Amino acid sequence: MEIGAHADETVGGDVADTAIADVQTFTRAYEHYRLPVYRYLRAHGATDADALDLTAVTFERAWAARHSFRPRGGGLAAWLLRIARNASIDAHRQHGRGAHATPEEVELAASAGELEPDHVALRDAVARLPEPQRDAVWLRFAAGLTAREIGMVLGKSEAAVQKQIQRALDALGEALQ
Amino acid sequence: MTQRDLQHRLVAAYAVDPPQGFSVVDKRLSSAMLGNETGRWHLGRGPRVMLGLAVAFLLLAGVTAGAITVLDRIAGGTPGTQVAWDRGVEIGQREVHGDFAVALVRGYADINGVVLGLSVERAGRSSKGDVPGLALELRDPAGTVLPAGSVPALGALDEAPRVDEVVTFAPTTRSDGDYTLRLGFTPTGKDGDLPWSFRFQLPAPLGAVVHLDQAQVVDGTSIQVGTLRLSPTALTAAIHVDPAEADASAWGVVGSFRHGDTAVRIDWNTLGSTDLDLTAGTYSGVDDAAGKWTLTVTELVGDRPDGSQVRLQGPWQFTFEVAAPTR
(Lines give C-alpha, C1' and ligand atoms only; values in the text may rest on other atoms or scores of the structure.)
Protein backbone atom coordinates (compact mmCIF):
# COMPACT_ATOMS: atom_id res chain seq x y z
CA MET A 1 0.00 0.00 0.00
CA GLU A 2 1.37 3.40 -0.85
CA ILE A 3 0.97 6.58 1.09
CA GLY A 4 2.92 9.73 0.41
CA ALA A 5 2.79 13.48 0.28
CA HIS A 6 1.69 13.55 -3.38
CA ALA A 7 3.13 16.96 -3.99
CA ASP A 8 1.56 17.22 -7.45
CA GLU A 9 -1.94 16.54 -6.23
CA THR A 10 -1.97 19.35 -3.73
CA VAL A 11 -2.20 21.83 -6.56
CA GLY A 12 -4.21 19.70 -8.91
CA GLY A 13 -1.23 18.60 -10.95
CA ASP A 14 -0.98 21.91 -12.79
CA VAL A 15 2.63 22.45 -11.78
CA ALA A 16 3.68 19.01 -12.97
CA ASP A 17 2.15 19.51 -16.39
CA THR A 18 3.53 22.95 -17.09
CA ALA A 19 6.65 24.00 -18.93
CA ILE A 20 9.11 25.74 -16.61
CA ALA A 21 11.11 27.80 -19.06
CA ASP A 22 10.10 31.24 -17.80
CA VAL A 23 10.63 32.90 -14.45
CA GLN A 24 7.01 32.71 -13.36
CA THR A 25 6.48 29.00 -13.99
CA PHE A 26 9.91 28.05 -12.69
CA THR A 27 9.28 30.02 -9.50
CA ARG A 28 6.00 28.19 -9.04
CA ALA A 29 7.78 24.88 -9.54
CA TYR A 30 10.45 25.88 -7.03
CA GLU A 31 7.83 26.95 -4.52
CA HIS A 32 6.03 23.67 -4.97
CA TYR A 33 8.93 21.21 -4.97
CA ARG A 34 11.58 22.70 -2.73
CA LEU A 35 10.20 21.00 0.40
CA PRO A 36 9.92 17.51 -1.18
CA VAL A 37 13.46 17.93 -2.54
CA TYR A 38 14.76 19.09 0.85
CA ARG A 39 13.05 16.22 2.66
CA TYR A 40 14.43 13.68 0.21
CA LEU A 41 17.94 15.04 0.70
CA ARG A 42 17.54 14.94 4.49
CA ALA A 43 16.34 11.36 4.22
CA HIS A 44 19.38 10.66 2.07
CA GLY A 45 21.60 11.50 5.03
CA ALA A 46 22.27 15.20 4.60
CA THR A 47 22.32 17.58 7.53
CA ASP A 48 20.01 20.61 7.44
CA ALA A 49 22.77 22.85 6.10
CA ASP A 50 23.90 20.31 3.51
CA ALA A 51 20.31 19.62 2.44
CA LEU A 52 19.66 23.34 1.95
CA ASP A 53 22.88 23.62 -0.07
CA LEU A 54 21.92 20.63 -2.22
CA THR A 55 18.37 21.96 -2.63
CA ALA A 56 19.88 25.16 -4.00
CA VAL A 57 22.19 23.13 -6.26
CA THR A 58 19.21 21.12 -7.50
CA PHE A 59 17.19 24.15 -8.51
CA GLU A 60 20.22 25.97 -9.92
CA ARG A 61 20.89 22.96 -12.15
CA ALA A 62 17.20 22.72 -13.01
CA TRP A 63 17.11 26.41 -13.94
CA ALA A 64 20.17 25.97 -16.15
CA ALA A 65 18.61 22.95 -17.84
CA ARG A 66 14.99 24.13 -17.86
CA HIS A 67 14.73 24.32 -21.64
CA SER A 68 15.46 20.61 -21.86
CA PHE A 69 12.49 19.69 -19.67
CA ARG A 70 9.54 18.37 -21.68
CA PRO A 71 6.26 18.61 -19.77
CA ARG A 72 4.37 16.03 -21.81
CA GLY A 73 2.98 13.43 -19.45
CA GLY A 74 4.04 15.30 -16.35
CA GLY A 75 7.28 14.14 -14.82
CA LEU A 76 8.45 17.44 -13.31
CA ALA A 77 8.68 15.92 -9.84
CA ALA A 78 10.67 12.97 -11.19
CA TRP A 79 12.92 15.29 -13.20
CA LEU A 80 13.70 17.46 -10.18
CA LEU A 81 14.22 14.53 -7.83
CA ARG A 82 16.54 12.89 -10.33
CA ILE A 83 18.62 16.08 -10.32
CA ALA A 84 18.54 16.09 -6.52
CA ARG A 85 19.58 12.46 -6.35
CA ASN A 86 22.49 13.08 -8.71
CA ALA A 87 23.50 16.17 -6.73
CA SER A 88 23.54 14.09 -3.56
CA ILE A 89 25.60 11.36 -5.21
CA ASP A 90 28.03 13.98 -6.55
CA ALA A 91 28.39 15.48 -3.07
CA HIS A 92 29.21 12.11 -1.57
CA ARG A 93 31.80 11.44 -4.25
CA GLN A 94 33.37 14.87 -3.73
CA HIS A 95 33.79 14.08 -0.06
CA GLY A 96 35.65 10.90 -0.89
CA ARG A 97 32.80 8.63 0.11
CA GLY A 98 30.74 6.26 -1.95
CA ALA A 99 27.95 7.38 -4.21
CA HIS A 100 25.33 6.81 -1.54
CA ALA A 101 25.16 7.54 2.16
CA THR A 102 25.94 4.57 4.35
CA PRO A 103 23.30 3.45 6.86
CA GLU A 104 25.52 4.85 9.61
CA GLU A 105 25.66 8.26 7.92
CA VAL A 106 21.89 8.29 7.51
CA GLU A 107 21.40 7.36 11.15
CA LEU A 108 23.88 10.01 12.26
CA ALA A 109 22.08 12.69 10.26
CA ALA A 110 18.74 11.58 11.65
CA SER A 111 19.93 11.61 15.24
CA ALA A 112 21.50 15.06 14.80
CA GLY A 113 18.13 16.62 14.08
CA GLU A 114 15.21 17.17 16.41
CA LEU A 115 13.27 14.10 15.40
CA GLU A 116 10.92 12.27 17.71
CA PRO A 117 12.45 9.05 19.05
CA ASP A 118 9.87 6.90 17.24
CA HIS A 119 10.74 8.57 13.98
CA VAL A 120 14.46 8.09 14.56
CA ALA A 121 13.90 4.37 15.10
CA LEU A 122 11.88 4.13 11.92
CA ARG A 123 14.41 6.08 9.90
CA ASP A 124 17.18 3.87 11.28
CA ALA A 125 15.26 0.81 10.14
CA VAL A 126 14.82 2.32 6.65
CA ALA A 127 18.55 3.13 6.53
CA ARG A 128 19.34 -0.56 6.92
CA LEU A 129 17.17 -1.66 3.99
CA PRO A 130 18.89 -2.73 0.76
CA GLU A 131 19.74 0.35 -1.30
CA PRO A 132 17.08 -0.02 -4.05
CA GLN A 133 14.31 -0.40 -1.45
CA ARG A 134 15.70 2.43 0.64
CA ASP A 135 15.79 4.87 -2.24
CA ALA A 136 12.25 3.95 -3.29
CA VAL A 137 11.03 4.49 0.29
CA TRP A 138 12.72 7.87 0.49
CA LEU A 139 11.31 9.00 -2.84
CA ARG A 140 7.86 7.79 -1.84
CA PHE A 141 7.55 8.89 1.77
CA ALA A 142 9.98 11.80 2.02
CA ALA A 143 9.48 13.31 -1.43
CA GLY A 144 5.92 12.11 -2.02
CA LEU A 145 6.47 10.71 -5.51
CA THR A 146 4.12 8.18 -7.04
CA ALA A 147 5.38 4.75 -8.04
CA ARG A 148 5.38 5.88 -11.67
CA GLU A 149 7.47 8.94 -10.85
CA ILE A 150 9.86 6.88 -8.74
CA GLY A 151 10.26 4.55 -11.68
CA MET A 152 11.20 7.57 -13.82
CA VAL A 153 13.84 8.60 -11.27
CA LEU A 154 15.33 5.15 -10.80
CA GLY A 155 14.87 3.82 -14.33
CA LYS A 156 12.51 1.04 -13.30
CA SER A 157 8.97 0.07 -14.19
CA GLU A 158 6.09 1.24 -12.04
CA ALA A 159 5.30 -2.35 -11.08
CA ALA A 160 8.90 -3.01 -10.09
CA VAL A 161 8.85 0.07 -7.86
CA GLN A 162 5.60 -1.04 -6.25
CA LYS A 163 7.22 -4.36 -5.47
CA GLN A 164 10.31 -2.73 -4.02
CA ILE A 165 8.17 -0.61 -1.74
CA GLN A 166 6.02 -3.56 -0.75
CA ARG A 167 9.11 -5.56 0.14
CA ALA A 168 10.48 -2.63 2.09
CA LEU A 169 7.24 -2.27 4.05
CA ASP A 170 7.20 -5.98 4.81
CA ALA A 171 10.79 -5.80 6.05
CA LEU A 172 10.12 -2.68 8.12
CA GLY A 173 7.02 -4.25 9.64
CA GLU A 174 9.07 -7.22 10.76
CA ALA A 175 11.98 -5.10 11.97
CA LEU A 176 9.73 -2.92 14.11
CA GLN A 177 7.79 -5.73 15.77
CA MET B 1 1.05 -2.34 13.03
CA THR B 2 -0.81 -2.40 9.70
CA GLN B 3 1.00 -1.40 6.57
CA ARG B 4 -1.24 1.64 6.22
CA ASP B 5 -0.21 2.83 9.65
CA LEU B 6 3.41 2.07 8.92
CA GLN B 7 3.11 4.32 5.89
CA HIS B 8 1.52 7.09 7.96
CA ARG B 9 4.50 6.82 10.30
CA LEU B 10 6.95 6.94 7.43
CA VAL B 11 5.34 10.12 6.12
CA ALA B 12 5.51 11.67 9.58
CA ALA B 13 9.11 10.49 10.14
CA TYR B 14 10.33 12.29 7.03
CA ALA B 15 8.15 15.40 7.43
CA VAL B 16 11.16 17.50 8.38
CA ASP B 17 11.15 21.23 7.68
CA PRO B 18 14.29 23.38 7.62
CA PRO B 19 14.42 25.10 11.02
CA GLN B 20 15.42 28.45 9.51
CA GLY B 21 13.25 28.15 6.41
CA PHE B 22 14.41 28.35 2.81
CA SER B 23 15.69 31.92 2.78
CA VAL B 24 19.24 30.79 1.96
CA VAL B 25 18.00 28.80 -1.01
CA ASP B 26 15.63 31.60 -2.05
CA LYS B 27 18.53 34.05 -2.23
CA ARG B 28 20.84 31.72 -4.12
CA LEU B 29 18.19 30.81 -6.63
CA SER B 30 17.00 34.39 -7.07
CA SER B 31 20.56 35.39 -7.79
CA ALA B 32 21.06 32.56 -10.25
CA MET B 33 17.78 33.25 -12.04
CA LEU B 34 18.17 37.00 -12.27
CA GLY B 35 21.83 36.84 -13.27
CA ASN B 36 21.16 34.21 -15.87
CA GLU B 37 18.11 35.95 -17.30
CA THR B 38 19.72 39.38 -17.36
CA GLY B 39 22.73 38.09 -19.19
CA ARG B 40 20.79 36.30 -21.85
CA TRP B 41 17.61 38.24 -22.45
CA HIS B 42 17.94 41.62 -20.79
CA LEU B 43 15.26 40.91 -18.27
CA GLY B 44 12.63 43.61 -17.99
CA ARG B 45 11.05 44.90 -14.82
CA GLY B 46 8.02 42.64 -15.04
CA PRO B 47 9.73 39.30 -14.40
CA ARG B 48 11.94 40.84 -11.71
CA VAL B 49 8.87 42.10 -9.86
CA MET B 50 7.20 38.76 -10.36
CA LEU B 51 10.12 36.91 -8.84
CA GLY B 52 10.28 39.39 -5.98
CA LEU B 53 6.60 38.84 -5.27
CA ALA B 54 7.07 35.11 -5.47
CA VAL B 55 9.84 35.21 -2.87
CA ALA B 56 7.72 37.43 -0.64
CA PHE B 57 4.88 34.95 -0.99
CA LEU B 58 7.21 32.14 0.00
CA LEU B 59 8.21 33.95 3.15
CA LEU B 60 4.57 34.63 3.98
CA ALA B 61 3.72 31.00 3.36
CA GLY B 62 6.48 30.02 5.78
CA VAL B 63 4.91 32.12 8.52
CA THR B 64 1.52 30.58 7.88
CA ALA B 65 2.94 27.08 7.88
CA GLY B 66 4.39 27.68 11.32
CA ALA B 67 0.91 28.16 12.71
CA ILE B 68 -0.38 24.84 11.43
CA THR B 69 -0.75 22.23 14.14
CA VAL B 70 1.09 18.95 14.09
CA LEU B 71 -2.19 17.16 13.46
CA ASP B 72 -2.75 19.32 10.40
CA ARG B 73 0.75 18.46 9.23
CA ILE B 74 0.35 14.75 9.78
CA ALA B 75 -3.02 14.78 8.04
CA GLY B 76 -1.67 16.96 5.26
CA GLY B 77 1.13 14.52 4.58
CA THR B 78 -1.22 11.78 3.53
CA PRO B 79 -3.75 12.14 0.72
CA GLY B 80 -6.46 9.90 2.13
CA THR B 81 -5.99 11.25 5.63
CA GLN B 82 -6.09 14.80 4.37
CA VAL B 83 -9.55 14.20 2.93
CA ALA B 84 -10.63 12.61 6.21
CA TRP B 85 -9.24 15.55 8.13
CA ASP B 86 -10.94 18.13 5.94
CA ARG B 87 -14.31 16.36 5.88
CA GLY B 88 -14.19 15.21 9.48
CA VAL B 89 -16.19 16.68 12.33
CA GLU B 90 -14.87 18.42 15.40
CA ILE B 91 -15.27 16.28 18.51
CA GLY B 92 -13.28 18.35 20.97
CA GLN B 93 -13.50 16.12 24.04
CA ARG B 94 -10.72 16.06 26.64
CA GLU B 95 -10.20 13.91 29.70
CA VAL B 96 -7.50 13.94 32.34
CA HIS B 97 -6.47 10.86 34.31
CA GLY B 98 -3.36 10.87 36.44
CA ASP B 99 -0.51 12.66 34.75
CA PHE B 100 -1.95 12.70 31.25
CA ALA B 101 -4.68 14.46 29.31
CA VAL B 102 -6.07 12.91 26.15
CA ALA B 103 -8.06 14.96 23.68
CA LEU B 104 -10.16 13.44 20.92
CA VAL B 105 -9.93 16.27 18.45
CA ARG B 106 -11.60 15.20 15.24
CA GLY B 107 -13.25 12.21 13.58
CA TYR B 108 -14.28 10.95 10.18
CA ALA B 109 -15.86 7.79 8.78
CA ASP B 110 -16.36 6.47 5.30
CA ILE B 111 -16.75 2.97 3.94
CA ASN B 112 -12.97 2.53 3.77
CA GLY B 113 -12.35 3.28 7.44
CA VAL B 114 -12.68 5.48 10.52
CA VAL B 115 -10.04 8.14 11.15
CA LEU B 116 -9.55 9.84 14.54
CA GLY B 117 -7.23 12.69 15.51
CA LEU B 118 -5.87 12.41 19.06
CA SER B 119 -3.69 14.55 21.23
CA VAL B 120 -1.91 13.29 24.36
CA GLU B 121 -0.21 15.71 26.73
CA ARG B 122 1.32 15.74 30.16
CA ALA B 123 -1.05 17.36 32.63
CA GLY B 124 0.21 19.51 35.45
CA ARG B 125 3.83 19.31 36.51
CA SER B 126 4.35 15.59 36.25
CA SER B 127 7.91 14.43 35.97
CA LYS B 128 9.18 13.13 32.70
CA GLY B 129 9.22 9.38 32.54
CA ASP B 130 9.06 6.52 30.15
CA VAL B 131 5.71 6.29 28.35
CA PRO B 132 5.71 3.02 26.45
CA GLY B 133 2.51 3.31 24.47
CA LEU B 134 -1.21 3.61 24.29
CA ALA B 135 -3.89 0.91 24.15
CA LEU B 136 -6.94 1.77 22.05
CA GLU B 137 -10.36 0.23 21.66
CA LEU B 138 -12.92 1.71 19.28
CA ARG B 139 -16.42 0.26 19.21
CA ASP B 140 -18.85 1.29 16.51
CA PRO B 141 -22.56 1.91 17.22
CA ALA B 142 -23.25 -1.82 16.78
CA GLY B 143 -20.78 -2.59 19.58
CA THR B 144 -18.28 -4.10 17.16
CA VAL B 145 -14.64 -3.49 17.98
CA LEU B 146 -12.99 -1.95 14.94
CA PRO B 147 -9.37 -3.11 14.58
CA ALA B 148 -6.97 -0.22 14.83
CA GLY B 149 -3.92 0.35 12.78
CA SER B 150 -0.87 0.74 14.92
CA VAL B 151 -1.21 1.82 18.51
CA PRO B 152 0.54 5.16 18.73
CA ALA B 153 3.88 5.12 20.49
CA LEU B 154 4.23 8.04 22.87
CA GLY B 155 7.93 8.02 23.53
CA ALA B 156 8.11 11.59 22.27
CA LEU B 157 6.39 12.69 25.48
CA ASP B 158 9.82 12.32 27.08
CA GLU B 159 10.94 15.31 25.03
CA ALA B 160 7.80 17.24 24.20
CA PRO B 161 4.77 18.17 26.29
CA ARG B 162 2.30 16.88 23.69
CA VAL B 163 2.06 14.23 21.02
CA ASP B 164 -0.52 14.33 18.22
CA GLU B 165 -1.57 11.24 16.32
CA VAL B 166 -3.95 10.38 13.53
CA VAL B 167 -5.18 6.81 13.94
CA THR B 168 -7.03 4.77 11.36
CA PHE B 169 -9.49 1.98 12.10
CA ALA B 170 -11.38 -0.60 10.06
CA PRO B 171 -14.70 0.48 8.49
CA THR B 172 -17.68 0.79 10.77
CA THR B 173 -20.44 -1.80 10.64
CA ARG B 174 -23.16 0.63 11.70
CA SER B 175 -23.32 4.40 11.91
CA ASP B 176 -26.52 5.39 13.74
CA GLY B 177 -25.58 5.85 17.36
CA ASP B 178 -22.58 6.44 19.55
CA TYR B 179 -19.05 5.30 18.93
CA THR B 180 -17.01 4.60 22.04
CA LEU B 181 -13.26 5.10 22.16
CA ARG B 182 -11.43 3.83 25.25
CA LEU B 183 -7.75 4.33 25.91
CA GLY B 184 -5.14 3.37 28.44
CA PHE B 185 -1.39 3.50 28.73
CA THR B 186 0.53 0.29 28.44
CA PRO B 187 1.25 -1.81 30.40
CA THR B 188 -1.99 -1.02 32.26
CA GLY B 189 -3.92 -1.09 28.99
CA LYS B 190 -2.95 -4.73 28.51
CA ASP B 191 -5.14 -5.69 31.45
CA GLY B 192 -8.19 -3.97 30.02
CA ASP B 193 -7.66 -0.90 32.15
CA LEU B 194 -8.71 1.83 29.75
CA PRO B 195 -9.60 4.83 31.92
CA TRP B 196 -10.05 7.39 29.15
CA SER B 197 -13.44 6.99 27.51
CA PHE B 198 -15.06 9.10 24.82
CA ARG B 199 -18.56 8.75 23.40
CA PHE B 200 -19.19 10.57 20.16
CA GLN B 201 -21.11 10.43 16.93
CA LEU B 202 -19.93 10.63 13.36
CA PRO B 203 -21.92 11.35 10.21
CA ALA B 204 -23.04 8.35 8.17
CA PRO B 205 -20.09 6.94 6.24
CA LEU B 206 -19.83 8.18 2.69
CA GLY B 207 -19.15 5.97 -0.28
CA ALA B 208 -20.42 2.83 -1.94
CA VAL B 209 -19.65 -0.86 -1.51
CA VAL B 210 -20.02 -2.97 -4.66
CA HIS B 211 -19.92 -6.77 -4.52
CA LEU B 212 -18.98 -7.37 -8.13
CA ASP B 213 -17.73 -10.98 -8.08
CA GLN B 214 -16.91 -11.04 -11.78
CA ALA B 215 -14.07 -12.86 -13.48
CA GLN B 216 -12.34 -12.21 -16.80
CA VAL B 217 -9.89 -14.51 -18.56
CA VAL B 218 -7.17 -13.27 -20.93
CA ASP B 219 -4.66 -15.73 -22.40
CA GLY B 220 -5.41 -18.29 -19.74
CA THR B 221 -5.03 -15.90 -16.82
CA SER B 222 -8.14 -15.20 -14.78
CA ILE B 223 -8.69 -12.12 -12.66
CA GLN B 224 -11.69 -12.06 -10.36
CA VAL B 225 -12.83 -8.81 -8.78
CA GLY B 226 -14.72 -9.23 -5.54
CA THR B 227 -15.73 -6.27 -3.36
CA LEU B 228 -15.00 -2.70 -4.37
CA ARG B 229 -15.10 0.18 -1.88
CA LEU B 230 -15.48 3.62 -3.45
CA SER B 231 -15.25 6.55 -1.05
CA PRO B 232 -13.78 10.04 -0.67
CA THR B 233 -10.56 8.73 0.91
CA ALA B 234 -9.84 5.77 -1.36
CA LEU B 235 -10.93 3.43 -4.13
CA THR B 236 -10.15 -0.21 -3.38
CA ALA B 237 -10.80 -3.52 -5.12
CA ALA B 238 -10.36 -7.02 -3.71
CA ILE B 239 -8.83 -9.15 -6.47
CA HIS B 240 -8.17 -12.87 -6.83
CA VAL B 241 -5.82 -13.97 -9.59
CA ASP B 242 -5.45 -17.36 -11.24
CA PRO B 243 -2.38 -16.80 -13.41
CA ALA B 244 -1.22 -18.86 -16.36
CA GLU B 245 2.28 -18.91 -14.85
CA ALA B 246 1.68 -20.83 -11.65
CA ASP B 247 5.15 -20.78 -10.12
CA ALA B 248 5.21 -16.99 -9.62
CA SER B 249 3.84 -15.28 -6.52
CA ALA B 250 3.38 -11.89 -4.83
CA TRP B 251 1.14 -10.68 -7.62
CA GLY B 252 0.32 -7.03 -8.16
CA VAL B 253 -1.79 -5.27 -10.76
CA VAL B 254 -1.25 -2.18 -12.86
CA GLY B 255 -4.30 -0.36 -14.14
CA SER B 256 -6.91 2.23 -13.39
CA PHE B 257 -10.37 3.05 -12.12
CA ARG B 258 -12.51 5.09 -14.53
CA HIS B 259 -15.58 6.95 -13.26
CA GLY B 260 -17.38 8.88 -15.97
CA ASP B 261 -14.73 10.91 -17.75
CA THR B 262 -12.15 10.65 -14.96
CA ALA B 263 -9.52 7.91 -14.82
CA VAL B 264 -7.37 7.33 -11.75
CA ARG B 265 -4.35 5.06 -11.76
CA ILE B 266 -4.05 2.22 -9.27
CA ASP B 267 -1.11 3.29 -7.16
CA TRP B 268 -0.82 0.62 -4.51
CA ASN B 269 -1.29 -3.11 -4.04
CA THR B 270 -1.36 -5.11 -0.82
CA LEU B 271 -0.98 -8.83 -0.56
CA GLY B 272 -4.02 -10.71 0.71
CA SER B 273 -4.55 -13.82 2.77
CA THR B 274 -3.11 -16.05 0.03
CA ASP B 275 -0.50 -15.60 -2.66
CA LEU B 276 -3.29 -15.21 -5.19
CA ASP B 277 -5.31 -12.56 -3.33
CA LEU B 278 -4.56 -8.87 -3.22
CA THR B 279 -6.17 -5.50 -2.76
CA ALA B 280 -5.49 -2.80 -5.32
CA GLY B 281 -6.32 0.81 -4.73
CA THR B 282 -5.65 4.50 -4.87
CA TYR B 283 -6.11 7.31 -2.39
CA SER B 284 -7.68 9.50 -5.08
CA GLY B 285 -11.25 8.94 -3.93
CA VAL B 286 -14.60 10.25 -5.11
CA ASP B 287 -17.25 12.35 -3.39
CA ASP B 288 -20.13 10.81 -5.29
CA ALA B 289 -19.69 7.22 -6.43
CA ALA B 290 -22.94 7.12 -8.45
CA GLY B 291 -22.56 6.35 -12.14
CA LYS B 292 -20.71 4.06 -14.48
CA TRP B 293 -17.32 2.64 -13.47
CA THR B 294 -14.69 0.67 -15.30
CA LEU B 295 -11.84 -1.09 -13.54
CA THR B 296 -9.12 -1.93 -16.04
CA VAL B 297 -6.15 -4.13 -15.18
CA THR B 298 -3.62 -3.61 -17.94
CA GLU B 299 -0.89 -5.79 -16.48
CA LEU B 300 -0.43 -8.48 -13.85
CA VAL B 301 3.06 -8.61 -12.34
CA GLY B 302 4.50 -11.40 -10.22
CA ASP B 303 7.83 -12.68 -8.89
CA ARG B 304 9.37 -15.97 -9.99
CA PRO B 305 11.30 -18.02 -7.40
CA ASP B 306 14.58 -17.10 -9.13
CA GLY B 307 13.89 -13.41 -8.49
CA SER B 308 12.95 -12.52 -12.05
CA GLN B 309 9.67 -10.88 -12.85
CA VAL B 310 6.74 -12.14 -14.91
CA ARG B 311 4.45 -9.60 -16.57
CA LEU B 312 1.18 -10.84 -17.99
CA GLN B 313 -0.52 -8.41 -20.35
CA GLY B 314 -4.25 -7.71 -20.34
CA PRO B 315 -6.41 -5.83 -20.41
CA TRP B 316 -8.89 -7.35 -18.04
CA GLN B 317 -11.84 -4.98 -17.89
CA PHE B 318 -14.71 -4.83 -15.43
CA THR B 319 -17.65 -2.47 -15.87
CA PHE B 320 -20.29 -1.80 -13.26
CA GLU B 321 -22.79 0.84 -12.25
CA VAL B 322 -23.38 2.44 -8.87
CA ALA B 323 -26.91 3.71 -8.34
CA ALA B 324 -27.50 7.20 -7.03
CA PRO B 325 -28.43 7.11 -3.34
CA THR B 326 -32.15 7.33 -2.61
CA ARG B 327 -33.10 10.40 -0.64
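The values are calculated or read from the model by the stated rules, or taken from the named source; none is laboratory data. What you are looking at is a predicted structure, and each value in this text was computed from that prediction instead of being measured. For neighbour counting, all protein chains shown are included, and Cβ atoms are generated from backbone atoms with ideal geometry for every residue, glycine included.
One line per residue, one yes/no per condition, for (1) at pLDDT 50 or above; (2) in a strand (DSSP E or B); (3) within 14 Å of chain A (Cβ to nearest Cβ); (4) within 14 Å of B:D164 (Cβ to Cβ):
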site: B:T64; (1), (2), (3), (4): no, no, yes, no
site: B:A75; (1), (2), (3), (4): no, no, yes, yes
site: B:W85; (1), (2), (3), (4): yes, no, yes, yes
site: B:E90; (1), (2), (3), (4): yes, yes, no, no
site: B:Q93; (1), (2), (3), (4): yes, yes, no, no
site: B:A101; (1), (2), (3), (4): yes, yes, no, yes
site: B:L104; (1), (2), (3), (4): yes, yes, no, yes
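Kindly check whether there is at least one residue in segment A:130-138 that is at pLDDT below 90, part of a helix (DSSP H, G or I), surrounded by 17 or more Cβ atoms within 10 Å (Cβ to Cβ) and of a type outside the set (A, V, I, L, M).
no
Answer yes or no as to whether B:V254 is assigned to a strand (DSSP E or B), within 14 Å of another protein chain (Cβ to nearest Cβ), touching a Phe, Trp or Tyr at 6+ places or on another chain (Cβ under 9 Å) and surrounded by 15 or more Cβ atoms within 10 Å (Cβ to Cβ).
No.
Kindly provide the set of residues from segment B:88-102 that are under 23 Å from B:T233 (Cβ atoms) and surrounded by 17 or more Cβ atoms within 10 Å (Cβ to Cβ), ordered by number.
Residues satisfying the conditions are B:G88, B:I91.
Tell me yes or no: at least one residue of segment B:287-310 is over 11 Å from B:A237 (Cβ atoms), of a type in the set (V, I, T), outside any strand (DSSP E or B) and more than 9 Å from chain A (Cβ to nearest Cβ).
Checked segment B:287-310: no residue is over 11 Å from B:A237 (Cβ atoms), of a type in the set (V, I, T), outside any strand (DSSP E or B) and more than 9 Å from chain A (Cβ to nearest Cβ).
In the list B:A323, B:A290, which residue meets the criterion of being in contact with a strand residue (DSSP E or B) (Cβ under 8 Å, 6 or more places away or on another chain), closer than 26 Å to B:L206 by Cβ and among the aliphatic types (A, V, I, L, M)?
Sole residue among the options that is in contact with a strand residue (DSSP E or B) (Cβ under 8 Å, 6 or more places away or on another chain), closer than 26 Å to B:L206 by Cβ and among the aliphatic types (A, V, I, L, M): B:A290.
If a residue must be surrounded by fewer than 24 Cβ atoms within 10 Å (Cβ to Cβ) and more than 9 Å from chain B (Cβ to nearest Cβ), how many such residues does segment A:139-163 contain?
So in segment A:139-163, the residues surrounded by fewer than 24 Cβ atoms within 10 Å (Cβ to Cβ) come out as A:148, A:151-152, A:154-160, A:163.
The next check asks that each one be more than 9 Å from chain B (Cβ to nearest Cβ); those that pass are A:151-152, A:154-156.
Final tally of qualifying residues: 5.
Being assigned to a strand (DSSP E or B), crowded, with 18+ Cβ neighbours inside 10 Å and not small (G, A, S) narrows it down to one residue among B:V241, B:V264; which is it?
Values: B:V264 fails: crowded, with 18+ Cβ neighbours inside 10 Å.
Sole residue among the options that is assigned to a strand (DSSP E or B), crowded, with 18+ Cβ neighbours inside 10 Å and not small (G, A, S): B:V241.
Only one of B:R199, B:R162 is at pLDDT 90 or above and more than 27 Å from B:T236 (Cβ to Cβ); which?
B:R199
In segment B:262-283, what residues are in contact with a strand residue (DSSP E or B) (Cβ under 6 Å, 6 or more places away or on another chain) and polar (S, T, N, Q)?
Residues satisfying the conditions are B:N269, B:T270, B:T279, B:T282.
Please specify each residue of segment A:21-36 satisfying the condition of being surrounded by fewer than 22 Cβ atoms within 10 Å (Cβ to Cβ) and more than 8 Å from chain B (Cβ to nearest Cβ).
Answer for segment A:21-36, where residues must be surrounded by fewer than 22 Cβ atoms within 10 Å (Cβ to Cβ) and more than 8 Å from chain B (Cβ to nearest Cβ): A:A21, A:T25, A:H32.
How about segment A:37-56: which of its residues are within 9 Å of chain B (Cβ to nearest Cβ) and either among the small types (G, A, S) or surrounded by 21 or more Cβ atoms within 10 Å (Cβ to Cβ) (or both)?
Selection gives A:Y38, A:R39, A:Y40, A:R42, A:A43, A:A49, A:A51, A:L52, A:T55, A:A56.
Return the pair list, or none, for Cβ contacts closer than 7 Å from residues in segment A:44-67 that are of a type in the set (S, T, N, Q) to residues that are in a loop (DSSP other than H, G, I, E, B) and surrounded by 23 or more Cβ atoms within 10 Å (Cβ to Cβ), at least 6 apart or on different chains.
Cβ pairs passing all conditions: none.
So the check is Cβ under 8 Å with 6+ separation or different chains; which pairs have a first residue in segment A:120-148 that's over 11 Å from A:L172 (Cα atoms) and a second one that's of a type in the set (F, W, Y)?
Cβ pairs passing all conditions: A:W138/A:Y40; A:W138/B:Y14; A:L139/A:Y40; A:F141/B:Y14; A:A142/A:Y40; A:A142/B:Y14; A:A143/A:Y40; A:A147/B:W268.
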